[in-house]
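Everything on this sheet refers to the single structure shown next.
All of the numbers you see were taken from the coordinates with simple rules; none came from a lab. None of these values were measured; they are calculated from a predicted model. We place every Cβ from the backbone using ideal geometry, glycine too, and count neighbours over all the protein chains shown.
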Ligand code: A3P
């Protein structure tokens, strides 16, 4: 027999499945993530940028809102995809006149380095509610993909209030109770001048966007489901972005201490969102909650009708 018993029956390569041409660049990209991470921290040399053919690309998709809908979680979770690169900071290019005046090259320079076939995504939730933004984004790229993550409108309004309240408390300032802000004490009606209420009238804002973009260019993400069961929501987004499905159960694990899903990039690197995400909301008078839910109801119906996505909101 001699060494003949150690001879492979067939060459090892022929036992591997044929390579999927679509997968190769993605796998390569996964290995190069570490490099992109260094670049993000500003540690890249010009030589590395040239060598790896890295570019700063304008976003091909933007998470335009809604504030407190889960915009950060959505961005971070999409960033698990090897073909996605996120702009870490909110750039506020289109909603801030001063930034907008700096021009599109300024905006591009705010973008992270990426490989040419990756897509860049940024999120600035103020875009959704700011009058001038749809036209400005349209002028940059009329075929851009727009993501909107929504939560049950009353919960979102309370979350919005909680964030502002925390900011006031940090500065040792007092603040009104939610009930006082959300209901007009003179008329006892819902106070539509209160920003946290107005932001939750999703259909009003969306209608402004629809003057520029067709409804097919929007994808609505269920922010309540992103909290309880994120993967199916992320898979819908992958499809909308025309990306191969790469985010898996492995990438998301429930952290009981945080009470939220956290992210697993690989065997060594995982992270949860900052503690400012997932605040405890103050108790709100149930009659005010009901009043708000009744107020939002017709707007919600319109929103379902326009977007084709229905939620079990009251
Ligand atoms: P709350 O603080 O009201 O719980 P945004 O990033 O748009 O400001 O949204 C913040 C919300 O994201 C939080 O609202 C939280 O509920 C939600 N969220 C969704 N998924 C999350 C996650 N995995 N970790 C932390 N917060 C998450």
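Note on residue 185 and residue 58: the extension gain reaches 41.1 nm, defined as 0.36 nm multiplied by sequence separation minus the Cα-Cα distance.
Take each of the peptides 248-255, 259-266, 197-204, average the number of other beta-carbon atoms within 10 Å over its residues, and list them starting from the highest.
My ranking of the peptides, most packed first, is 197-204, 259-266, 248-255.
If a spin label sat at a point 7 angstrom from the Cα of residue 198 along the line to its beta carbon, the backbone N atoms of segment 61-76 nearer than 15 Å would be those of 67. In the chain, the longest principal axis of the Cα atoms and the axis of helix 153-170 are about 90 degrees apart. Taking every DSSP helix (H) stretch of at least 4 residues in the chain, weighting each as -39,500 (n - 2.57) and dividing the sum by the residue count yields a mean residue ellipticity at 222 nm of -12000 deg cm²/dmol. Neighbour counts of C-beta atoms inside 10 Å place 272, 188 in the sequence 188, 272, starting with the fewest.
To the nearest ten degrees, helix 230-240 and the longest principal axis of the Cα atoms of the chain are 80 degrees apart.
Order the peptides 206-213, 74-81, 59-66 from the highest to the lowest mean number of other Cβ atoms within 10 Å of their residues. All intermediate terms of the calculation are to be shown ahead of the outcome.
Working: 206-213: 16.6, 74-81: 21.5, 59-66: 24.9.
Taking the mean over residues of other Cβ atoms within 10 Å, the ranking is 59-66, 74-81, 206-213.
Neighbour counting of Cβ atoms within 10 Å sorts the residues 85, 237, fewest neighbours leading, into 237, 85. Against the chain, whose longest principal axis is taken from its Cα atoms, helix 286-307 shows a tilt of about 50°. Placing pseudo-labels 7 Å out from each Cα toward the beta carbon at residue 96 and residue 283 gives an inter-label distance of 4.0 nm. Averaging the Cα positions of each part gives two centres, and for segment 94-163 and segment 233-290 these lie 20 Å apart.
Residues 47, 132, 152 in ascending order of nearby Cβ atoms (within 10 Å, fewest first): 47, 132, 152. Gain on full extension, evaluated as 0.36 nm per residue between residue 208 and residue 267 minus their Cα-Cα distance, stands at 16.8 nm.
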